[in-house]
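Structure first, commentary second.
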Amino acid sequence: MEFTLVAVLGVVAIVAVAAFSERLGLAAPLSLVLVGIALSFIPGVPHPEIEPEWILAGVLPPLLYSAAVSMPVTDFRRDFQSISGLAVTLVVLSTLGAGALFHWLLPEIGWPAAFALGAVISPTDAVAATSVGKKLGLPHRLLTVLEGEGLVNDASALVLLRTAVAAFAGSFSLWATIGEFLYAVVVAVAVGMVVGLLNVRVRALINDAVLNTAISFVVPFIAYLPAEELHASGVLSVVVAGLVTGHQSPRYLRASDRIAESTNWHTAAFLLESGMFLLMGLSVKTLVDQVRDEGLSVTRALTIGLLAALLVMVLRMLWVVPMVARMRRDVAKAEQSKERVEAIQLRFDDPDEDPHFTERLRGLSEKKVERFRKRVTVRAADIDFMVNEHFGGRGGVILGWAGMRGAITVAAAQTLPEDTPDRAQLILIAFVVAATTLLLQGLTLPAVIRKVGVPKDDPQKTHDEGRRLLNEMAHAAGDILDDPSLTNRAGEPYAASVVTLVRSDARVDIHRGPDESTPAEVDPGGRDQFLELRLRVLKAQGERLLEARSSGVYSSVTLGWAQHVLDVDSARFEQLADSGD
């Protein structure tokens, strides 16, 4: 009964604080941590103790999966170098730097414990940063880098933590560590890809949104557990499974299934994220008491935690400088190669431009020519992305200041072995680092964003892209409706009135949603024909949208908007078709 009461009060508190934070313009995670800290010192307030493994193995996988499903694979690929630099290289450097600091200030704990604590405080938590950034209109590419870093850096940190803990027994070898890290990555990626592909293929066979969503809730654990059993990175496997699922679901899953899954997952992720931040705040009094009970100094832990927080913040700012410089060089290289790629595209479009090139193409099969054309199109789109979406030094300042740590840091610290020297003090140090970066950087990030003034995404460009994409989808509908051999499932031509009505309804307008009255305008005898043809047109438009996505010509924002418009329309007609069966 007590657990049930605490859970109910926790959900009520989460919703109330989140709603209040929205009105104040604060990120909900920051408010929840502050409320949790305040509640932890009030007598009589329960301090629920949750095993850290429940957080790392029970809460982290679904959170990462939920975020990965929403991450466009094309954006992740284009910024993989920046994301991997922050999520892997910077995590390693932060672990080494913080480990050296801890060993210098706490020589009695030894090198393994020092590096273990360094690994604990090395990963960032992008939840607070992205929630602030979205409200203030940060450019989409900057948000993608932050979210991508948050997806991968937990895996890097946990692998390093596992290595440091293993060194407690004296079993440390540099080459063995590198080999174990590569093994953990390769196996995790393989497991995640298999689980992601099986996920969409199996769920495509289930024609029920409730059952489909229910299966999706166990997918993170299906990806996590085998990878962990194989001594690989379970969290990285979950991320890969989520990326594959998000990329493949429009091809295999029904629109109604995707909408239901998205809504339920957003709710679950909100409660899990918010619950972790609230528990993080509630744990502070318990951590302080544990340090005092062991006769250790709380003041010393606070001082070391503040120094470590300063170190990881400085390391991140220093790392971002060469990263932004490298992005500038990439832009210069892209501009140099742009003309060459455009020349190749011109040769495809105009055979008379380069007869020798055209002759060489004739010697290839049609499939090879099409693959070559697609690679050139994708390369041209990547170049345009690098040149036009570069966020520069001002974006680098924001990226450097958005390195907040979160509840995962506190949970990971609590997994340190019981025989770790001064364990309670180390956990409190990790909490101080997480709380300091979260509150200091999180509360000042809005001011930094306003002061730096990084340019927002161009709304007119997004609008124009949306128009072009809708025109492509309208052409796909026209290809179906203008086909003189168009027949229904019985092999008979559709009624002219049905074709006319479908043609009118398929003209999606950027300023309006689906017309709910459309099916009522068809007489009962033509209803089935209308629904059949309308769903057929929607399928063709979906295939055209997938082609547009694979070309890379449109931004993920435009593609996501178009997919949502199409999904809402498709879900409505799928429901009408099901109700008539």
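Things to note:
- In degrees, nearest ten, helix 556-580 long axis to first principal axis of the chain (Cα): 70 degrees
- Take the Kirkwood radius over Cα pairs of segment 241-307, plug it into Stokes-Einstein at 25 °C and 0.890 mPa s, and you get 155 µm²/s for translational diffusion.
- Equivalent ellipsoid dimensions for the chain as semi-axes, Å, which come from the Cα gyration tensor, largest first: 47, 29, 22
- Computed lengthening from ARG394 to LEU182, 0.36 nm per intervening residue step minus Cα-Cα distance: 72.9 nm
- Rh by Kirkwood over Cα pairs, then Stokes-Einstein D for segment 106-182 at 1.567 mPa s and 4 °C, µm²/s: 91 µm²/s
- Proximity of backbone amide H atoms, modeled 1.01 Å from N, is registered between ILE50 and no other residue at under 5 Å, excluding neighbours fewer than 5 places apart on the same chain.
- Remark on ARG405: its backbone amide H falls under 5 Å from those of ASP125, THR437, LEU438, a criterion applied only to residues 5 or more positions apart or on other chains, H modelled at 1.01 Å from N.
- Full-stretch length increase - LEU576, LEU439 - with 0.36 nm per residue and alpha-carbon distance subtracted: 44.4 nm
- Of the peptides 461-467, 483-489, 406-412, 376-382, the order by per-residue mean of other Cβ atoms within 10 Å, starting with the highest, comes out as 406-412, 376-382, 461-467, 483-489.
- Carbon + sulfur, % of accessible area of the chain - ligands and nucleic acids excluded, 1.4 Å: 62 percent
- Per residue, the chain exposes an accessible area of 48 Å² to a 1.4 Å probe, with every protein chain left in place.
- Given LYS338/LYS368; LYS134/LYS338; LYS333/LYS451; LYS135/LYS451; LYS333/LYS461; LYS338/LYS374, the pairs whose alpha carbons are separated by over 20 Å: LYS338/LYS368; LYS134/LYS338; LYS333/LYS451; LYS333/LYS461
- Potential lengthening of the chain between ASP384 and LEU364 amounts to 4.4 nm, from the contour at 0.36 nm per residue minus the alpha-carbon distance.
- Packing around the peptides 317-324, 358-365, 148-155, taken as the average count of other Cβ atoms within 10 Å per residue, puts them in this order, highest first: 148-155, 317-324, 358-365.
- Residues with amide H under 5 Å from that of ALA506, placed H, sequence gap 5 or more: none
- Rounded if a/c under 1.5, otherwise prolate or oblate - segment 1-118, Cα gyration tensor axes: oblate
- Sorting the segments 159-166, 231-238, 327-334 by their residues' average number of neighbouring beta-carbon atoms within 10 angstrom, most packed first, yields 231-238, 159-166, 327-334.
- Shape annotation for segment 360-446: C-alpha extents along the principal axes are 73, 35, 15 Å, from largest to smallest.
- Cα extents of segment 280-371 along the three principal axes, largest first (Å): 84, 29, 18
- Using θ = phi - 60° in the Karplus curve 6.51 cos²θ - 1.76 cosθ + 1.60, the 3J(HN,Hα) couplings for segment 250-255 round to x, 7, 10, 9, 5, 4 Hz; x is entered for Gly and Pro.
The values are calculated or read from the model by the stated rules, or taken from the named source; none is laboratory data. None of these values were measured; they are calculated from a predicted model. Positions of Cβ are generated from backbone atoms using ideal geometry, with glycine treated the same way; all protein chains shown enter the neighbour counts. The accessibility values were calculated without ligands, DNA or RNA, using every heavy atom of the protein model including side chains. Shrake-Rupley method; radii C 1.70, N 1.55, O 1.52, S 1.80 Å.
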